[in-house]
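Novice: Starting off with a structure, shown below.
Read-outs: derived from the displayed coordinates by stated rules, not from any lab. Quick caveat: nothing in here was measured; it's all calculated off a predicted structure. Positions of Cβ are backbone-derived with ideal geometry, glycine not excepted, and every protein chain shown enters the neighbour counts.
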Amino acid sequence: MSFAAQTTGMIDIGSNTVRLSIYRVTEAGAYRVIDQGRWPARLSQRLTADGRLPADVVAELGEVLRHYKRICRIHGTDRIRAVATAALRQAVNRDQVLAALYEETGLRIELLPGEEEARLGSLAMLRTMNVKDGFVVDIGGGSTEITLLRDRRTIASASLPIGCVNTSARFGLGESPVAQATLEAMEKDIQGKLAALDWIADYPGLPVIGLGGTVRALGKLRQRLDEYPYASLHGYEIPADRLTSAIELLSPLTVDKRRKLPGLSKDRADVIVPGLVILQALMRICGSSRIIVSGAGLRDGLFFDTCLPELPMDGEDAVAEESIRNLRALYPGAPDSHLDQVNRLSLALYDQLAPGLELPAESRRVLSAAARLFRIGAVIDYNDCAQHTFYMLMHAHWNGMTHRETLLTAAVASYRNANALRRALAGYRSLLLAGDEELAARLGMLLQLAAALDRSESQAITSLEVSVAHHGRLLLDAAASHALPVETTEVQTLAKEFKKCWGLSPVLHLV
């Protein structure tokens, strides 16, 4: 697939927040967010009793949009795509507002129908998460979009005019604690509206994949309360009982006390409770036991839809494969030819040695990902490549793996020895399963051996036969296009450490 270099600004005029994301795509096909902005607009709260958006609010919004345009201009954007959602959909003077904003800013703002908002949110999730089935839920300030996915295809979707901001206003929530009776009345009211979507009950037990500020705020709060060691929200899983306990924690507090809670955004403190009640009502109707947080949302859906509409996403591991490709394009720490050769050799070694060991099913894909990313840290500094590789893989934005799989990939890609591995994993042990440290060491040594077999980075080995001989020797019979003195020395250097992990001493023979 060919790529066109472009820089694009995406503006989401939401009911609660107006957000900007600027995305850059290079000719090599590398893409990332290069700048962001947010403004807590509370447009749903500021509609008048007769449903109009007042002139002073429109003027304030126009100033924010001009500010976002200036940021886009600084970054040399080729285009800006601005969209508006529930608050403007619901405003009776929406046509006049859109015309006034165009006059003030020069931006033609698309008024997204609820179904299109749901489609774009689902697109963002599908491009960034390896989830096959579930309910994609985007709780905004003025609406909630729900999409049913089966085998990564949309079966049904709907947009309901219930969000955290307008629900707060409807039930008269202010700065005071929220009474139990009010919580129950809110949930009953929301469940009544959700009951009209009879297709929800037809698929009980599917997970809820949550988009939007309410779910992200819940994720940040739960990570802080539960002392979760990994800061990434994308792919973070929250059991249903943790949602209930969050409501029980927040509802008795005044808004001022909520603002002081570590992990909770101050500008969401007054609308977090109604947002979570919407989520809980939906969870109960769906019969879901867990929420999967999506860090990607409407702006990401707009980006993929606008800039990379033909990005191939077929195949079981398509999300992870595309993320690996993008990371390699963003951070070219080694030639692709070398990384691909190391990957082939790693998998050849794995396929000969792993059978019978009862390794976890994900081991092979973790090894393959690590083999193609193990030199990524060299873009910072070659001499400390392993340390930088671990940090980058734990902090760079990439998708398609669980948090545990991401940690294992980073550990395997940066593996040098057992002591260094132990230090790297020390702060993340709650993410690991029993035996994962030994697994990372085994896979890390396979990767080290594969890298040694192409140490000259010439892809000289054209085929490799692997066999176990007597006296615990691992015979590596290689057909090669030239002699392998450097590779032979590297294999000999690794032999002692390899034997500690695998109980075998590798010996390279040229055939």
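Novice: Label Ser456 and Ser289 with points 7 Å out from Cα along Cα→Cβ: what is the distance between them in nm?
Specialist: In this crude label model, Ser456 to Ser289 measures out at 5.6 nm.
Novice: Would you mind telling me the antiparallel percentage of the DSSP bridges in region 115-300, rounded to 5?
Specialist: Percent antiparallel among DSSP bridges in region 115-300 is about 70.
Novice: Something else about it: Set the Förster distance to 25 Å, then compute FRET efficiency between Asp317 and Val33 from the Cβ-Cβ distance, nearest 0.05.
Specialist: The pair Asp317/Val33 has a calculated efficiency of 0.60.
Novice: On alpha-carbon atoms, Rg over Rh for region 64-153 using Kirkwood Rh?
Specialist: Taking Rg over the Kirkwood Rh, I get 1.06.
Novice: State to the nearest 20 debye the size of the charge dipole of region 318-456 about its Cα centre, where the only charges are +1 on K and R beta carbons and -1 on D and E beta carbons.
Specialist: Dipole of region 318-456, to the nearest 20 debye: 200 debye.
Novice: Okay, next question. Over the chain, what is the percentage of antiparallel beta bridges among all DSSP beta bridges, to the nearest 5?
Specialist: The antiparallel fraction comes to roughly 65 percent.
Novice: So, one more: Quick check: Cα centre of region 433-497 to Cα centre of region 248-302, how many Å?
Specialist: Cα centroid of region 433-497 versus Cα centroid of region 248-302: 49 Å apart.
Novice: Can you compute the charge dipole magnitude of the chain about its Cα centre, using +1 on each Lys and Arg Cβ and -1 on each Asp and Glu Cβ, nothing else charged? Give it in debye, rounded to the nearest 20.
Specialist: Computed charge dipole of the chain: roughly 1080 debye.
Novice: Taking the Cα atoms of the chain, report the difference between the largest and smallest coordinate on each principal axis, in whole Å and largest first.
Specialist: Principal axes ranked by extent give 85, 47, 41 Å for the Cα atoms.
Novice: What 222 nm value per residue comes from the helices of the chain, counting each DSSP H run with n ≥ 4 as -39,500 (n - 2.57) and dividing by all residues, nearest 500 deg cm²/dmol?
Specialist: Taking each H run of at least 4 residues, the total per residue is -14500 deg cm²/dmol.
Novice: Using a simple spin-label model with points 7 Å from Cα along the Cα→Cβ vector, what separation in nm is obtained for Thr244 and Gln352?
Specialist: 5.4 nm
Novice: While we're on this one: Projected onto the charge dipole of region 115-300 (+1 at Lys/Arg Cβ, -1 at Asp/Glu Cβ, origin at the Cα centre), which of Val215, Leu197, Met283 gives the Cα projection farthest towards the positive end?
Specialist: Val215
Novice: Here's a follow-up. Taking the Cα centre of the chain as the origin and placing charges on Cβ (Lys, Arg +1; Asp, Glu -1), which of Ala28, Leu123, Leu65 is farthest toward the positive end of the dipole?
Specialist: Highest projection toward the positive end goes to Leu65.
Novice: Students often check this: by mean Cβ neighbours within 10 Å, which of 442-453, 146-157 ranks highest, and how do the rest follow?
Specialist: My ranking of the peptides, most packed first, is 442-453, 146-157.
Novice: Could you line up Met125, Met394 from fewest to most neighbouring Cβ atoms inside 10 Å?
Specialist: Final ranking by Cβ density, sparse to dense: Met394, Met125.
Novice: Next question. Cut-off is 10 Å between beta-carbons; in what order do His234, His397 appear when sorted fewest neighbours first?
Specialist: Fewest to most other Cβ atoms nearby, the residues stand as His397, His234.
Novice: Over the Cα atoms of region 221-264, what is the Rg over Rh ratio if Rh follows Kirkwood?
Specialist: 0.98
Novice: Please report Rg (one decimal) and Dmax (integer) in Å for the Cα set of region 1-139.
Specialist: Reported Rg and Dmax, both Å: 16.3, 52.
Novice: Subtracting the Cα-Cα distance from 0.36 nm times the residue separation, let me have the gained length for Lys499 to Ala181 in nm, one decimal.
Specialist: Contour length minus the Cα-Cα distance gives 107.9 nm.
Novice: In debye, nearest 20, what is the charge dipole magnitude of region 115-300 about its Cα centre with +1 on Lys and Arg Cβ and -1 on Asp and Glu Cβ, if you could check?
Specialist: The calculation lands at about 440 debye.
Novice: Moving on to the next point. Based on other C-beta atoms within 10 Å, arrange His395, His388 from fewest to most.
Specialist: Ascending number of Cβ neighbours within 10 Å: His395, His388.
Novice: Testing the spin-label approximation: label points 7 Å from Cα along Cα→Cβ at Tyr382 and Ala469. State their distance in nm.
Specialist: Simple spin-label model gives 3.4 nm for this pair.
Novice: Further question: How high is the relative contact order of region 115-300? Use alpha-carbon pairs under 8 Å, at least six apart in sequence, and give a whole percent.
Specialist: Reported relative contact order: 31 percent.
Novice: Right, here's the next one. What order do you get for 325-333, 313-321 when each peptide is scored by the mean count of other beta carbon atoms within 10 Å, highest first?
Specialist: Peptide ranking by packing, descending: 325-333, 313-321.
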